[in-house]
Amino acid sequence: MAGTVEQGSDHPLAKAIQSKAEGLQLDPLTGFTNIEGKGARAEIGSKTVLLGNRRLMDEEKVDMASLKDEAARLQSAGQTVVHVAQDGKLVGLIAIADAPRPTATAMVKKMRERGVEVAMLTGDNQATAERIARELGIEMVIADVLPGQKADKIKELQAQGKKVGMVGDGVNDAPALTQAEVGFAIGAGTDVAIESADVVLMKSDPYDVLGAIELSRATLRKMHQNLFWAVGYNVIAFPAAAGVFYPLVISPEVAALAMSGSSALVAVNALLLKRTQLDGLG
């Protein structure tokens with residue numbers, strides 16, 4: 001039943017259910033409706049099927065008495081629980097455990113070493129979010145967030161004086177990616193997320209967020225170095241050639257040569273950026 005309903009969805013949880021239902025004989029699906037941040041509704045034959053979180057079940061007044069305790073047990077174990085209801089009655093539960101990407105823990109550790117605070121922003125329940133956060137070493141967890149509220153949560157962090165970089169991959173992440181100072185889109189994400197972001201991670205690897213920050217900082221260092229040399233020339237060599245420091249004077253020819261040398265130095269220093277060893281970029 002869940003596999004049938006999820007034929008109409010591209011949500012990550014839907015893909016997990018589709019994968020598990022592979023090989024099953026699925027029924028024809030009609031009237032599929034995606035309910036933002038809560039789940040989906042569809043007609044299978046003459047019956048109405050609901051698939052989603054506890055919030056959806058409560059809003060639709062689904063009778064959950066038979067499986068209420070089991071749902072609570074699964075959630076307390078840090079699993080995402082998908083409720084399956086038919087004609088107003090809960091008929092089953094599907095528990096899905098999120099698996100962090102292999103490089104996520106290392107990325108969080110490196111970010112914290114560099115003074116970057118890492119927060120998890122998710123629509124999942126608090127127990128599931130905290131389980132994943134513990135595995136990754138994340139201390140700030142913002143859970144049970146509806147898709148439309150993600151941008152508001154970013155604004156709250158910004159109101160605290162924080163500069164926010166948001167990493168996302170879905171349609172629902174687009175407003176938050178736009179609201180953040182820097183939006184990072186996962187390369188395998190939706191087109192809307194990619195268009196809304198400032199940086200696209202082509203390998204879909206969260207460790208590349210660290211690489212992007214390292215590259216930005218290295219570029220800024222080069223800019224400061226080149227600015228120092230350029231200002232140094234104009235503050236010292238140019239006035240000396242004009243006789244400001246008389247009797248310490250350099251000839252116009254030497255000053256012109258120094259100017260050419262300064263330009264060459266700035267250019268070479270900028271080119272050396274490609275030889276900089278950056279953690280997070282191969």
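The values are calculated or read from the model by the stated rules, or taken from the named source; none is laboratory data. Keep in mind that this is a model prediction, so the values were computed, not measured. Ideal geometry is used to build each Cβ from the backbone, glycine not excepted, and the neighbour counts take in all protein chains shown. Calculation scope for accessible area: heavy atoms of the full protein, side chains included, ligands and nucleic acids excluded. Shrake-Rupley method; radii C 1.70, N 1.55, O 1.52, S 1.80 Å.
A single member of 24, 13 is within 26 Å of residue 143 (Cβ to Cβ), modelled with pLDDT under 90, open to solvent by 20 Å² or more (accessible area, probe 1.4 Å) and among the hydrophobic types (A, V, I, L, M, F, W, C), and it is 13. When 154, 138 are screened for being on the phi < 0 side of the Ramachandran plot, part of a loop (DSSP other than H, G, I, E, B), modelled with pLDDT of 90 or more and open to solvent by less than 30 Å² (accessible area, probe 1.4 Å), only 138 passes.
Would you confirm whether or not segment 119-127 contains a residue that is under 19 Å from residue 15 (Cα atoms), open to solvent by less than 20 Å² (accessible area, probe 1.4 Å) and free of Cβ contacts under 8 Å to residues at least 40 places away in the same chain? There is no residue in segment 119-127 that is under 19 Å from residue 15 (Cα atoms), open to solvent by less than 20 Å² (accessible area, probe 1.4 Å) and free of Cβ contacts under 8 Å to residues at least 40 places away in the same chain. Of all residues in segment 180-196, none satisfies being on the phi < 0 side of the Ramachandran plot, hydroxyl-bearing (Ser, Thr, Tyr) and open to solvent by less than 30 Å² (accessible area, probe 1.4 Å). Of all residues in segment 94-117, those that are of a type in the set (S, T, N, Q) have Cβ atoms under 6 Å from Cβ atoms of residues that are open to solvent by less than 90 Å² (accessible area, probe 1.4 Å), 6 or more apart or on another chain, in 103/205; 103/207; 105/136. Note on segment 15-91: enclosed strands (runs of 3 or more DSSP E) holding 1 or more residues that are free of Cβ contacts under 8 Å to residues at least 24 places away in the same chain and in contact with a Gly (Cβ under 9 Å, 6 or more places away or on another chain) are 30-35, 39-44. Here the condition is being surrounded by fewer than 13 Cβ atoms within 10 Å (Cβ to Cβ), of a type outside the set (Asp, Glu), modelled with pLDDT of 75 or more and part of a helix (DSSP H, G or I); of 257, 265, 220, 215, it holds for 220 alone.
The rows are residues; the columns are (1) touching a helix residue (DSSP H, G or I) at 6+ places or on another chain (Cβ under 8 Å); (2) of a type outside the set (A, V, I, L, M).
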{"residue": "153", "(1), (2)": "yes, yes"}
{"residue": "168", "(1), (2)": "yes, yes"}
{"residue": "187", "(1), (2)": "yes, yes"}
{"residue": "229", "(1), (2)": "yes, yes"}
{"residue": "243", "(1), (2)": "no, yes"}
{"residue": "247", "(1), (2)": "no, yes"}
{"residue": "255", "(1), (2)": "yes, no"}
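Among the residues making up segment 2-14, those that are assigned to a helix (DSSP H, G or I) and closer than 19 Å to residue 44 by Cα are 2, 3, 4, 5, 6, 7, 8, 14.
The single condition among (1) open to solvent by less than 30 Å² (accessible area, probe 1.4 Å); (2) under 22 Å from residue 200 (Cβ atoms) that residue 171 does not satisfy is (1). Could you please find all residues in segment 197-224 being in contact with a Gly (Cβ under 6 Å, 6 or more places away or on another chain) and not β-branched (Val, Ile, Thr)? 197, 198, 201, 202, 204, 207, 210, 211, 214, listed by residue number.
When you look at residue 130, is it in contact (Cβ under 8 Å) with a residue 40 or more places away in the chain, within 27 Å of residue 83 (Cβ to Cβ) and open to solvent by 50 Å² or more (accessible area, probe 1.4 Å), yes or no? Yes. Taking the criterion of being open to solvent by 70 Å² or more (accessible area, probe 1.4 Å) and modelled with pLDDT under 85, the residues of segment 268-282 that qualify are 274, 275, 277, 281, 282. Among the conditions (1) surrounded by fewer than 16 Cβ atoms within 10 Å (Cβ to Cβ); (2) touching a strand residue (DSSP E or B) at 6+ places or on another chain (Cβ under 7 Å); (3) at pLDDT 90 or above, residue 66 misses just one, which is (3).
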